[in-house]
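Asks: Next up is a structure, given as structure tokens.
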Amino acid sequence: AQTVTQSQPEMSVQEAETVTLSCTYDTSESDYYLFWYKQPPSRQMILVIRQEAYKQQNATENRFSVNFQKAAKSFSLKISDSQLGDAAMYFCAYPSRGDGTASKLTFGTGTRLQVTL
Amino acid sequence: GAGVSQSPSNKVTEKGKDVELRCDPISGHTALYWYRQRLGQGLEFLIYFQGNSAPDKSGLPSDRFSAERTGESVSTLTIQRTQQEDSAVYLCASSPQATGELFFGEGSRLTVL
């Protein structure tokens, strides 16, 4: 069974600083996607960034980037120049194949990020 | 609308009553998912639809839970004889086929007294 592990229940970062959130996963597949989702207090989940496993280059979206290490099955999220609006729960997610034509996402337990002045 | 719409946004019910939660996915999205999120917890998969069939309903916690979907449109999640442990936010998401990227609604918060 595929699992996703986030070992940091809570993290704190000062405004304008950089923080890295950790995620590891377990899979026997060779081609897949990985996702980071953000859930602010309003509770709607928003996609932050995704990585395709066959691409060696780490994905980047503005201040958000990933450090993807396929052999180690590690997928960490780096937030640069942190802003107050980045405060939220962050979930790492991996698609578990269902019937082979579509997939469901298995989520980690989340990391609560606090941003301080 | 442009996004996934869920109703009601909040529901308070008495133990033993039945509730129905509704999800209207993004137009054209063939896959639809229901997740449960208890307070301060992660997301727990309940069921997934491809069109109006449910290839994976392995996450439904008991036979009190059921879901149906009409074509590639609205889905309803029904909880019969609600229990206090059913209190949670129920999140619906839809997805274009096979990408794995989910688009979430704002959820329905269920409180069972």
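Asks: Please compute the net charge surrounding B:Leu46, taking Lys and Arg as +1 and Asp and Glu as -1 over other residues with Cβ under 11 Å from its Cβ.
Replies: Details: positive: A:Lys104, B:Arg36, B:Lys57; negative: B:Glu44, B:Asp56.
With Lys, Arg at +1 and Asp, Glu at -1, the net is +1.
Asks: Let me ask another. Given the options B:Leu21, B:Leu43, B:Leu32, which has the most mean-square fluctuation in a GNM of chain B, springs set between C-alpha atoms less than 10 angstrom apart?
Replies: B:Leu43
Asks: Could you list the residues of the stretch A:13-47 with an amide nitrogen less than 13 Å from a label point located 7 Å from the Cα of A:Arg63 in the Cα-to-C-beta direction?
Replies: A:13-20
Asks: Within the protein assembly as shown, how many Lys pairs that are eight or more residues apart, or on different chains, come under 19 Å at the alpha-carbon? All intermediate terms of the calculation are to be shown ahead of the outcome.
Replies: Working: A:Lys38/A:Lys78; A:Lys38/A:Lys104; A:Lys55/A:Lys70; A:Lys55/A:Lys73; A:Lys55/A:Lys78; A:Lys70/A:Lys78; A:Lys73/A:Lys104; A:Lys104/B:Lys57.
Taking the protein assembly as shown as the scope, the lysine pair count is 8.
Asks: Let me ask you something else. With springs only between Cα atoms under 10 Å apart, run a GNM on chain B and tell me which of B:Gln83, B:Gln41, B:Gln50 wobbles the most.
Replies: Checking each option, the largest mean-square fluctuation is seen for B:Gln41.
Values quoted throughout were computed directly from the atomic coordinates according to the rules given, and no laboratory measurement underlies them. All figures in this text were calculated on a predicted structure; none of them were measured in a lab. Using ideal geometry, Cβ is built from the backbone for each residue, glycine included, and neighbour counts are taken over all protein chains shown.
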